[in-house]
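Just so it is clear, none of the values below were taken in a lab; they were calculated from the coordinates. Just so it is clear, the structure is predicted and the values come from calculations on it, not from any experiment. Ideal geometry is used to build each Cβ from the backbone, glycine not excepted, and the neighbour counts take in all protein chains shown.
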Amino acid sequence: MDIAATSPVPIRTKVIAQIVLGVVMVASWEAAAVWFIDPFWIGKPSAIAARLWTEFVDGDMIGHTGITLFHAVTGLVLSLVIGVPIGVLFALRPFVADTVEPYFLGFYSLPRVALAPLFILWFGIGSISKIMMAFSMVVFIVILNTHEGLRGVDRDLVDMLKSMRAKRLYMLRKVLLPSIVPWVFASVRIGVGLALVGAVIGELLGANRGLGWYVEHSAGRVDIIGVFSGLVVLAVLGMALNEVVKAIESRFTEGRY
Amino acid sequence: MKIAIDMDSGLLTGDGSTIVAAANPAERATAELSRVHMSFDGRMEILQDINFVLREGEFLSIVGPSGCGKSTILRLISNLLAPTRGDVKTFGPDGSAAHVGFMFQRDALLPWADVNTNIAVGLECAGVPKEKHAARIAELLTLLGLSEFGGYYPRALSGGMRQRVALGRLLAYDPDVMLMDEPFGALDAQTKILLGYELMRIWTTHRKSVVFVTHDIEEAIGLSDRIIVMSARPGRIKSEYHVNLPRPRDLRGVRKMPEFHQLSEKIWNDIVDRV
C-alpha cells in the first residue's frame with residue numbers, strides 16, 4: 001500500500017538503516033547515563049542488558065513475558081471473534097447501528113484505564129481481568145473498522161452476484177467477508193499495541209505476574225533498572241508482534257487487494 | 001408517427017413508443033418492458049414510457065447520451081431495481097423468469113480470488129455440480145484465450161484480460177439474457193475491437209439474447225441486430241433501427257460499408273436531436 005509512487009528502498013538498505021538508528025539511540029542513551037544524567041532517573045542500557053540477561057536466564061522474565069503475551073493476544077483474538085460479527089451486524093442492519101451508535105461512542109470515549117479497577121473487582125486479579133482489559137481496548141476498533149469496511153464494499157460485486165440470484169450466505173462468504181480482510185488487518189495492526197497496553201494496565205493494578213506487574217514491582221522498590229528492563233521487553237514484544245502481523249497480512253493479501 | 005421502411009439500406013425506423021417487431025418475430029420473447037416509468041425519490045424522472053420486447057437470440061443495443069437511463073434499463077431487467085410504474089418481465093425457456101447475467105464496465109471480478117475461482121462463481125450461482133467445474137472452467141479459459149492464466153489474480157491482468165474473465169464468468173453462469181453495461185467502455189480502441197470480435201464469435205455459437213448498453217454508436221452498429229436510441233433525461237425511446245448487415249460480421253469490414261455510415265449518421269442525428 002504505497003501512498004505515493006516514491007522509488008522503493010531496497011530491503012537491505014532499510015534494515016541496515018533501522019539497525020544504525022537503533023544503535024545510535026542506545027549509544028546516546030548510554031552516553032547520557034554515563035556523562036550527563038544520573039542513571040537513577042533514566043536507567044542505563046548496559047545495566048539494563050545485564051539485568052535482562054540474569055532475569056531471562058536465572059529469573060522468571062520468560063514467564064512474565066509469556067503471561068503478558070497471553071493476555072494481550074487472547075484479548076486481541078477475543079475482540080476479533082466478537083467484534084467482527086458485531087461490525088457485520090451493524091453493516092447489514094443499519095437500524096441497529098443507528099440505534100446503538102450514541103451509546104457505543106459513549107463507551108468508546110471512556111478511558112478504558114478507568115475501567116481497570118472495576119474489571120479487577122469483577123473478574124479478580126487472575127488472567128481474566130487482563131484479557132478483558134485488552135479486549136475492551138481493541139474491540140471497538142474492530143467493530144468500527146469492520147463496519148466501515150463493509151460500507152465500502154464494491155456495489156458492482158454485490159449487484160453482479162444479486163443478478164445471478166446468489167444466496168445471502170454465498171454473498172457473505174464470497175464478497176462481504178473477503179472484502180473486509182484488509183480492514184480487519186488494519187484493526188489488528190492498531191490493536192496489537194492497544195492490547196498490550198490493556199494487558200499491562202491490568203497487570204499494573206492488580207496481579208502477581210506479567211510484565212506490568214514486573215514494572216510496578218520494580219518501581220515499588222525504586223529499582224529503576226528493573227522498571228526499564230520491563231519497558232524494554234514490552235517495546236520489543238510490541239515490535240515483534242507487529243512484524244508477525246505484517247507477515248501474516250502479506251501472506252493473505254499480497255497481490256490480491 | 002409513421003413507420004418508414006428504407007428498402008435500400010434495409011433499415012426499419014419506427015416511433016419509439018410503439019413496440020416494433022424484432023428481426024425475427026417468430027422467436028419467443030425473453031424480456032418485455034411495457035409502459036415502464038422510473039423515477040427516483042418520486043421526483044427525478046429517469047425513464048418515461050419504455051416499451052420493447054427482446055427476442056431469443058437477439059443482440060439488442062441501447063445507445064444514448066449519458067444520463068439517459070440506459071443502465072437503469074439493465075438494472076430493471078435484472079430485477080436489481082423495480083419500475084415505478086409499468087411491467088418488466090423476463091421469460092426463461094420454461095416460462096418462468098429468465099436467468100440474467102451482468103457484465104459491467106468495471107470488470108467486477110473478486111480481487112481476492114484467482115481467475116479459476118472467479119469463473120467458478122458463475123458455475124456456483126448456476127448450480128453446476130462441483131465435479132463438473134474443472135472441465136468447464138478449462139473449456140471457457142480456452143475459449144477466451146486465457147488457458148495459462150487460471151491461477152492469476154485479477155490485479156496481475158490487463159484490463160482487456162479482466163473483461164475476458166468477466167465474460168467467462170457470465171458464460172459460466174449460462175444466462176438466458178446477457179446484460180452488458182458498456183463492457184468495453186474502459187478499454188483502449190484496439191482492445192475494444194478485439195474483444196468485440198471475441199464477443200461476436202462466442203455469441204454466434206451460443207446465440208443468447210443480449211442487451212448491450214453503449215454510447216459508442218459504431219460499436220453498437222457493428223454488434224447488434226437492433227438498436228434502440230434513447231433521448232436525454234427523462235430517458236425515452238427516441239427511435240429504433242434494425243441492423244441488417246450480413247452476419248457473421250467483420251467488425252472492421254462493416255465499417256467501410258455505406259449502410260453502416262447511413263445508419264451511423266441517422267443515430268448520431270437522433271442523439272444530437274437534428275433532423
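Extension gain for A:Tyr257-A:Ala32 works out to 76.4 nm (0.36 nm per residue, less the C-alpha to C-alpha distance). Highest mobility in the GNM of chain A, judged by mean-square fluctuation with C-alpha springs under 10 Å and restricted to A:Leu78, A:Leu234, A:Leu177, is found for A:Leu177.
Which value in Å is the Kirkwood Rh of chain B over different Cα pairs? List each step's numbers first, then the result.
Details: mean 1/r = 0.0520 Å⁻¹.
Mean inverse Cα-Cα distance, inverted, gives 19.2 Å.
First measure r as the distance between the Cβ atoms of A:Arg151 and B:Asp188, then evaluate 1/(1 + (r/R0)^6) with R0 = 30 Å and state the FRET efficiency to the nearest 0.05.
Numbers: r = 33 Å, r/R0 = 1.10.
The computed FRET efficiency comes out at 0.35.
Taking chain A as a Gaussian network of alpha-carbon nodes connected by springs under 10 Å, the highest mean-square fluctuation of the residues A:Glu101, A:Glu203, A:Glu55 belongs to A:Glu101.
Determine, from the Cβ-Cβ distance of B:Arg255 and B:Glu139 and an R0 of 45 Å, the FRET efficiency 1/(1 + (r/R0)^6), rounded to the nearest 0.05. Don't skip to the answer; put the middle values down first.
Numbers: r = 32 Å, r/R0 = 0.71.
Computed FRET efficiency for B:Arg255 and B:Glu139: 0.90.
Distance between the 7 Å Cα→Cβ label points at A:Val20 and B:Lys132: 6.4 nm. Give A:Lys174/A:Lys246; A:Lys246/B:Lys132; A:Lys162/B:Lys130; B:Lys89/B:Lys132; A:Lys162/B:Lys70; B:Lys70/B:Lys192 a once-over and call out the pairs whose C-alpha atoms are over 30 Å from each other. As for pairs spanning more than 30 Å Cα to Cα, those are A:Lys246/B:Lys132; B:Lys89/B:Lys132.
Report, in order of residue number, the helices in chain A meeting two criteria: a C-alpha extent of 20 Å or more along the helix axis, and a mean Kyte-Doolittle hydropathy of at least 1.6; treat each whole DSSP H run as one helix. Numbers along the way, then the final one.
Values: long enough: A:11-31 (30 Å, 1.30); A:61-92 (46 Å, 1.87); A:94-109 (22 Å, 0.48); A:127-151 (36 Å, 1.17); A:177-205 (39 Å, 1.74); A:224-253 (43 Å, 1.48).
Membrane-span-like by this criterion, though nothing is claimed about a membrane: A:61-92, A:177-205.
Inter-label distance, A:Ala240 to A:Leu121: 3.6 nm, where each label sits 7 Å from its Cα along the C-beta direction. As a calculated quantity, the FRET efficiency between A:Leu92 and B:Arg35 at R0 = 45 Å, using C-beta atoms, amounts to about 0.80. Once both labels are positioned 7 Å from their Cα atoms along Cα-to-Cβ, the gap between A:Ile128 and A:Tyr103 label points is 2.3 nm.
Taking every residue in B:109-116 and counting other chain Cβ atoms within 10 Å of its Cβ, the average works out to 5.
How well do other chains shield peptide A:152-159, expressed as the mean number of their Cβ atoms within 10 Å of each residue Cβ?
Working: counts 0, 0, 5, 4, 8, 7, 2, 9.
Across A:152-159, the average partner-chain Cβ count within 10 Å equals 4.
Placing unit charges on the Cβ atoms only, positive for Lys and Arg and negative for Asp and Glu, gives chain B a dipole magnitude near 200 debye about its Cα centre.
Let me know the charge dipole size of the range B:193-275 about its Cα centre in debye, to the nearest 20, where only the beta-carbon of Lys, Arg (+1) and Asp, Glu (-1) is charged.
Values: 14 positive and 11 negative charges, 38 e Å.
So the dipole magnitude of the range B:193-275 works out to roughly 180 debye.
Ordered by the number of other Cβ atoms lying within 10 Å of each residue's own Cβ, fewest first, B:Tyr197, A:Tyr103 fall into the sequence A:Tyr103, B:Tyr197.
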